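The values are calculated or read from the model by the stated rules, or taken from the named source; none is laboratory data. Please read these numbers as outputs of a predicted model, since none were measured by experiment. Note that each Cβ is placed from the backbone with ideal geometry, even for glycine, and that neighbours are counted across all protein chains shown.
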Amino acid sequence: MRIKRRLQAAALAAAAVVLGLLAVQGTYALWSASAVASPGTVSSASFDTALTAVNTGQTTTMTLPDGTAATLTLSPAGTLGPGTSVYGGLVVTNTTTAGGQFNTAITASQPSIANVNGGTLAGYVTVNAKTATSSAECSTATGFAPVGTGGLASPTVAKGGTTVFCFQVSLSSSAPSTVKGQAVNISLQLTARQLCGVPSGC
Amino acid sequence: MKNSTLVKGTAAIAVGAALLLGGGGTLANWNAEATAAPGIIVSGDLNVAKSAAGVWKDRAGATIDINTYKVVPGDKLTFTQDLTVTLAGDKMAANVATTGISATNGFTSANVSVSAPALTVGGTAVANPLKPTGSAQTVTATITFEFLSSTTGRADATASYNFNNVAFQLTQVTQAGLS
């Protein structure tokens with residue numbers, strides 16, 4: 001009988017302790033208040049570069065809406081005779097929608113000259129290039145130089161700014177008459193690159 | 001005749017007793033009166049509220065309009081929101097904290113870096129719990145959004161990052177003397 005009573009007492013004590021703990025963990029109601037801020041939505045700019053052919057006025061964006069690279073034909077004016085040159089040009093515009101600084105530099109790669117229809121003209125054709133500030137400079141013969149393996153880089157083009165690439169296609173004066181009437185495809189790549197705008201470096 | 005003396009004596013005692021009994025009717029002990037005026041109990045206050053809309057600034061510290069500003073790789077924008085904290089009460093103490101950012105992210109995660117809201121009072125990190133100072137206190141919440149310059153190609157052009165709502169809570173904490 002004594003043991004039973006002790007057990008009973010212990011059970012009662014245990015029950016009381018549990019109840020006490022439950023009571024403490026139940027609701028902890030002191031004052032509280034809250035405020036809500038709405039920072040909004042941060043949107044990124046577009047990375048657009050507009051290209052305009054000097055001779056034809058044809059324009060395109062550097063990247064097409066489907067994300068692929070555009071192709072622009074420059075159509076140098078005039079016909080090519082031995083020892084003569086024809087000229088073409090390209091106006092590049094930084095048309096980004098950026099809110100802050102967005103400087104770019106455009107690089108023209110070394111041109112590749114390919115014969116069309118199995119001719120031999122390519123060996124007698126040289127392509128030189130220069131950067132300019134206006135499309136009118138593409139008609140003058142001065143300042144042209146071959147494009148190195150690293151390409152020809154434009155000066156910095158700021159948001160909304162433009163730069164001009166001029167190209168000179170020359171036929172060697174030693175070109176034989178057998179190349180008369182032949183054609184070549186000259187192509188090069190243009191790359192626009194954002195310049196670091198972080199004061200501490202990128 | 002002895003009988004009458006005895007009777008008188010008895011009568012006198014009886015009357016005296018009756019008189020004594022009559023004197024025991026009303027009990028007039030000393031008493032005194034005083035009034036106390038406990039006064040008026042006034043409760044304190046606890047509140048947190050935005051004092052004005054938050055402000056976005058660019059890396060150079062110039063204020064921008066987030067609805068029209070478009071970020072590019074290398075941009076770092078900072079959002080600051082002032083919160084007015086009201087605390088009153090002799091045993092008042094409260095913790096201020098944020099429940100964090102749950103944004104709708106349209107960027108590639110690797111190309112953006114967004115900080116959790118940092119809370120400061122007068123330029124130094126907030127030291128909880130805050131206590132009443134006699135006037136409203138200003139707690140500043142700061143969030144930075146960086147479009148990393150390590151972004152390559154044309155990744156995340158015309159993307160958006162919606163912060164949604166960022167909540168701040170002020171919660172009273174118990175002090176010695178409270179239960």
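The figures follow:
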read-out	value
Filter pass, A:K130 being out of contact with any Gly (no Cβ under 8 Å at 6 or more places or on another chain) and of a type in the set (K, R)	no
So A:L30, is it closer than 28 Å to A:K159 by Cα and free of Cβ contacts under 8 Å to residues at least 12 places away in the same chain	no
Selected residue (criterion: nearest to the chain's Cα centre (by Cα)) from residues of region B:160-179 that are over 23 Å from B:T86 (Cα atoms) and within 7 Å of chain A (Cβ to nearest Cβ)	B:F163
Whichever residue in region A:44-64 is crowded, with 20+ Cβ neighbours inside 10 Å, within 14 Å of chain B (Cβ to nearest Cβ) and part of a strand (DSSP E or B) and, among such residues, is farthest from the chain's Cα centre (by Cα)	A:S44
Per-region count, region B:160-179, residues loosely packed, with under 13 Cβ neighbours inside 10 Å and in contact with a Lys or Arg (Cβ under 9 Å, 6 or more places away or on another chain)	4
Positions within region B:55-90 being among the β-branched types (V, I, T), under 22 Å from B:A157 (Cα atoms), touching a residue at least 24 places away in the same chain (Cβ under 8 Å) and within 10 Å of another protein chain (Cβ to nearest Cβ), in sequence order	B:V71, B:V72
Search result, residues across region B:160-172 that are without any contact (Cβ under 8 Å) to a residue 24 or more places away in the chain and assigned to a strand (DSSP E or B)	none
Those residues of region B:37-54 which are surrounded by 14 or more Cβ atoms within 10 Å (Cβ to Cβ) and of a type in the set (A, V, I, L, M, F, W, C), in sequence order	B:L46, B:V48, B:A49
Exclusive hit being crowded, with 18+ Cβ neighbours inside 10 Å, within 10 Å of chain A (Cβ to nearest Cβ) and without any contact (Cβ under 8 Å) to a residue 60 or more places away in the chain, set B:A141, B:A157	B:A157
Strands (runs of 3 or more DSSP E) completely within region B:39-140 that count 3 or more residues being not aliphatic (A, V, I, L, M)	B:45-50, B:76-88
Counted residues, region B:106-127 - those being of a type outside the set (V, I, T), surrounded by 14 or more Cβ atoms within 10 Å (Cβ to Cβ) and more than 10 Å from every other protein chain (Cβ to nearest Cβ)	2
Strands (runs of 3 or more DSSP E) within region A:85-202 that include 3 or more residues touching a residue at least 12 places away in the same chain (Cβ under 8 Å) and crowded, with 18+ Cβ neighbours inside 10 Å	A:85-94, A:104-108, A:125-132, A:162-171, A:190-194
Residues located in region B:141-159, provided they are of a type in the set (A, V, I, L, M, F, W, C) and part of a strand (DSSP E or B)	B:A141, B:I143, B:F145, B:F147
Residue ID - nearest to the other protein chains (Cβ to nearest Cβ), chosen from residues in region A:97-113 that are within 30 Å of B:K57 (Cα to Cα) and of a type outside the set (A, V, I, L, M)	A:G99
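The rows are residues; the columns are (1) polar (S, T, N, Q); (2) at pLDDT 90 or above; (3) more than 27 Å from A:C196 (Cβ to Cβ).
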site: A:K4; (1), (2), (3): no, no, yes
site: A:A9; (1), (2), (3): no, no, yes
site: A:L19; (1), (2), (3): no, no, yes
site: A:S38; (1), (2), (3): yes, yes, yes
site: A:G67; (1), (2), (3): no, no, no
site: A:P76; (1), (2), (3): no, no, yes
site: A:V86; (1), (2), (3): no, yes, yes
site: A:P111; (1), (2), (3): no, yes, yes
